[in-house]
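Peer 1: Structure incoming, see below.
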Amino acid sequence: MSPFLRSCVAVLFSFLFLLENSSAQEKLSLSQAIALATANHPEILAVQKEIDATAGRILQAGRIPNLEVVITFNETPTNFNPGDAGEKDLGIFQPIEFPGKRGARIEVATHDRAVTTLALERFKTVIASRVKKAYYQVLLADEFAQNLDFNITLLKDFLKVVTERYQTGTSTYLDVIRAKVELARLRNEFVEAQRDNVSKIGELNLLLGRGGETPVTLTDSLAYQPFTLPQDSAIAMLSAQSVFLKIIERESMRSRSLLNLARKSYLPDFGLGFAWQNRRGQLPSAGSARYFGFELGVSIPLYFWQAPRGEVQEARAMVDFGALRLEAARRRVRQSLVNAYRLVEVANQQVQSFETALLRDAEDELRAGISAYQNNQIDALNLFDIYRTYRAAKIEYARALYNYAAARAELEASAEVPE
C-alpha cells in the first residue's frame, strides 16, 4: 500500500471515530438539564411522596365516628342461654361531633398539604439554581480548554516563524527554545483543563440523578444578556414570587385554623341511638311484646379549664409566633435579594468592562506585538508576555461571564432562603 493510500485510510478511520463519538454524546440544553434534575432528584421524589401522605391525612381528618351496634340481653337465666332472656335489645348508636369540628380538622390538614406542595416548588427552584451553576461551570471549563487550544494554535504558528527566522539568522536559538517551552506549558495546561472539564461534567450528571460518566455536549453558552431591571422592581417581583414566603404565610394560616379547632373543643358532642326491643310479659299468661327505643346523648365538657383551655392557649401562642415569623421572613428575603442583586450589579459591570475595552485592547496589543516582532522592534520574550496577557484577558472574560451568569442564577433563588 502506498504512503498516500495509507494516509487516506488513516484519515477515514479518524473521521469515522470522531463521528461515532459525537453521535454517542447527548446534546443537553440548560432547560433539559433542569427538567432532568427536577424529575430525578431523590429529595424531590421524597417530597412528592410526602404530598401523597398529606392527601391521606386530609381523608383521616374528615373521619366520621364509627357507628356502634349494640346487642343487649337482660334477665338471662343462670344457664346463660340468651334465647331465654327476658329482655332482648338490638340497637345502633351514632356518635355525632358538634358541627364545624370535622371541617376545622380538614382545614388544618388542607393547609398541611398546601405547605408540602409549596415546599416541593421551593426545592425545585433551589435545584434549578444548582443545576444552572453546575451547567455554567462546565461551560467555563470548556471555554478554558478552547482558549488554550486556540493559543496553542497561535503559538505553533509563532514557533514556525521563529524557526524560519533562526534559520535565516534573524533570530536566536534561545527564542526557539522559549517558544517550545511555552508551547509545552500550554499543552500541559490544556490537559489539566480537559481533566477539569470531565470532572465538572461528572458533577453535573450526578446532580441530574444519573451516572457521572455519561457523555454530554452542552448546547447553551455563556452568552451575555444585560440585566437592566431596577433594584426595587427586581426585589418586589422576586418577593412576590417567593415560595418561601408563601410557605410561611400558609403556616400562619394553619395556626389560625388550629386556634379555631381548639376553641371548638369547648363545644359538646352528641350521640343518637335507636333500638329494637323485645320484652317478655310480666305474667305467665302474657306473651312477649316488641318496642322501639330511642337514645340521645350529650358529652358535657365539664372540665373545660384543663385540656380545652390549654389547647386554646397553645394555639393562640402559635398564631402570635406565626405573625412574628412571617415578618422576620420578609426581612430575611428582602436582605437576601438585596445582597444577590448587588452581586449581579458587580458582575455585570465586570463583564461590561471586558466588552467595552479590555478585550479590544488585548487584541490590539497582540496584533501590534506580532507586527513589532516581525519588524525586529521587540524580542521574543516581550512577545511571549503579550501572548500571556491576551490569553489571560480571554480567560478572565470567560470567568466574568460565569460569575455574572451564576450571580443571576443566585438572584433567582435568593428569595428561597434556608430556614
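Peer 1: Once you put a point 7 Å from the Cα of residue 49 and another 7 Å from the Cα of residue 302, both along the Cβ direction, what distance in nm separates them?
Peer 2: Spacing of the two 7 Å Cα→Cβ label points: 4.8 nm.
Peer 1: Taking the Cβ of residue 275 as the centre, find all other residues whose Cβ is under 9 Å away and add up their charges (Lys, Arg: +1; Asp, Glu: -1).
Peer 2: Here the charged neighbours net out to -2.
Peer 1: Still on this model: Picking from 188, 348, 375, which is most flexible by a Gaussian network model of the chain using Cα springs under 10 Å?
Peer 2: 375
Peer 1: Taking H placed 1.01 Å from N in the peptide plane, check which residues at least 5 places from residue 96 or on another chain put their amide H under 5 Å from its amide H.
Peer 2: 270, 271, 272
Peer 1: For Rg and Dmax of the Cα atoms in Å, which listed value, (i) 35.0, 109; (ii) 21.6, 66; (iii) 39.3, 148, comes from the coordinates shown?
Peer 2: (iii)
Peer 1: Quick check: pseudo-label points 7 Å beyond the Cα along Cα→Cβ at residue 232 and residue 69, how many nm apart are they?
Peer 2: About 7.2 nm, to one decimal.
Peer 1: Turning to a different aspect of this structure: Can you tell me what share of the DSSP beta bridges in the chain is antiparallel? A percent to the nearest 5 is fine.
Peer 2: So the antiparallel bridges in the chain amount to around 90 percent.
Peer 1: To continue, here is another question. At a 10 Å Cβ-Cβ cut-off, how would you order 116, 76, fewest neighbours first?
Peer 2: So the ranking, lowest neighbour count to highest, is 76, 116.
Peer 1: Where does each of 318-327, 61-70 land if you order them by average Cβ count within 10 Å, highest first?
Peer 2: The packing order, highest mean first, is 318-327, 61-70.
Peer 1: On to the next question. I want to make sure I understand the PRE zone here: with the label point 7 angstrom from the Cα of residue 241 toward its beta carbon, which residues in segment 322-357 have backbone N atoms less than 20 Å away?
Peer 2: Under 20 Å, as judged by backbone N against the label point of residue 241, lie 330-348 of segment 322-357.
Peer 1: Specify which residue in the list 315, 398, 48 is farthest towards the positive end of the charge dipole of the chain, using unit charges on the beta carbon of Lys, Arg (+1) and Asp, Glu (-1), about the Cα centre.
Peer 2: 315
Peer 1: To continue, here is another question. So, by mean Cβ neighbours within 10 angstrom, what's the order for 86-96, 290-300, 234-244, 167-177 with the highest one leading?
Peer 2: Packing proxy ranking, top to bottom: 234-244, 86-96, 167-177, 290-300.
Peer 1: Let me ask something else about it. What length, rounded to one decimal in nm, is gained on full extension from residue 279 through to residue 214, with 0.36 nm per residue of separation minus their alpha-carbon distance?
Peer 2: Length gained, residue 279 through residue 214: 15.1 nm.
Peer 1: Sorted from fewest to most neighbouring beta carbons within 10 Å, what does the list 254, 332, 388 look like?
Peer 2: Ranked by crowding around the Cβ, least crowded first: 388, 332, 254.
Peer 1: In which sequence would 364, 220 go, from the one with the fewest C-beta neighbours within 10 Å to the one with the most?
Peer 2: 364, 220
Peer 1: In whole Hz, with x marking every Gly and Pro, tabulate ³J(HN,Hα) for segment 36-41 from phi via Karplus 6.51 cos²θ - 1.76 cosθ + 1.60, θ = phi - 60°.
Peer 2: 5, 5, 6, 8, 10, 5
Peer 1: Could you work out how far apart the two model spin labels at residue 367 and residue 163 are, taking each label as a point 7 Å from the Cα in the direction of the beta carbon, and quote it in nm?
Peer 2: 2.8 nm
Peer 1: Continuing with the same structure: Would you mind checking which residues have amide H under 5 Å from residue 218's amide H? H placed 1.01 Å from N; only 5 or more apart, or other chain.
Peer 2: Those qualifying (amide H under 5 Å, at least 5 residues apart or on another chain) are 28.
Every number here is computed from the coordinates shown, using simple stated rules; none is lab data. Keep in mind the model is a prediction, meaning the values are calculated, not measured. Here Cβ is always computed from backbone atoms with ideal geometry, including for glycine, and neighbour counts include all displayed protein chains.
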